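Contents: one structure, followed by commentary.
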Amino acid sequence: QTTKRYLAGLSEAGGSFGVNYDDADDEQEALDVGDEVALHLHPRGTAASRPEFTSVGNGLGDVVLITGVEVTADTGSVVSRSYTFRNALVRADQ
């Protein structure tokens, strides 16, 4: 059994994101629970001046740990994947 203990001064972050499945995108296929990755989210594409959200430079290890993957599909609809994550390293000096 694993117990989680919360201490004042320790930073923790997490969240989730969803994507529409694209079988031409090998990165979607490769991402799995337990992977530690630098997270770059481009909600409106990668063109210049469009927003990007990234874990790099966050001071918490600069990577996130993928904690969950869920795939959903209905007949005739787009296949969707949902990912949950948390920071992979918690440091007391933040």
For Glu70, are the conditions met, namely being touching a residue at least 12 places away in the same chain (Cβ under 8 Å) and in contact with a Leu (Cβ under 8 Å, 6 or more places away or on another chain)? no
Give the range 24-56 a look and list any residue that's of a type in the set (Ser, Thr, Tyr) and touching a strand residue (DSSP E or B) at 6+ places or on another chain (Cβ under 8 Å), or say none. Thr54, Ser55
From Gly59, Gly68, Gly76, residue being open to solvent by less than 40 Å² (accessible area, probe 1.4 Å) and at pLDDT below 80: Gly59
Give me a count of the residues in the range 4-43 that are loosely packed, with under 10 Cβ neighbours inside 10 Å, in a loop (DSSP other than H, G, I, E, B) and either at pLDDT below 85 or of a type in the set (D, E, K, R) (or both). 9
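The values are calculated or read from the model by the stated rules, or taken from the named source; none is laboratory data. A quick note: this is a predicted structure, and the numbers were derived from the prediction, not measured. Methodologically, a virtual Cβ is constructed for each residue, glycine included, from the backbone with ideal geometry; neighbour enumeration extends over all protein chains shown. Surface accessibility is based on the protein's heavy atoms, side chains included, excluding ligands, DNA and RNA. Shrake-Rupley method; radii C 1.70, N 1.55, O 1.52, S 1.80 Å.
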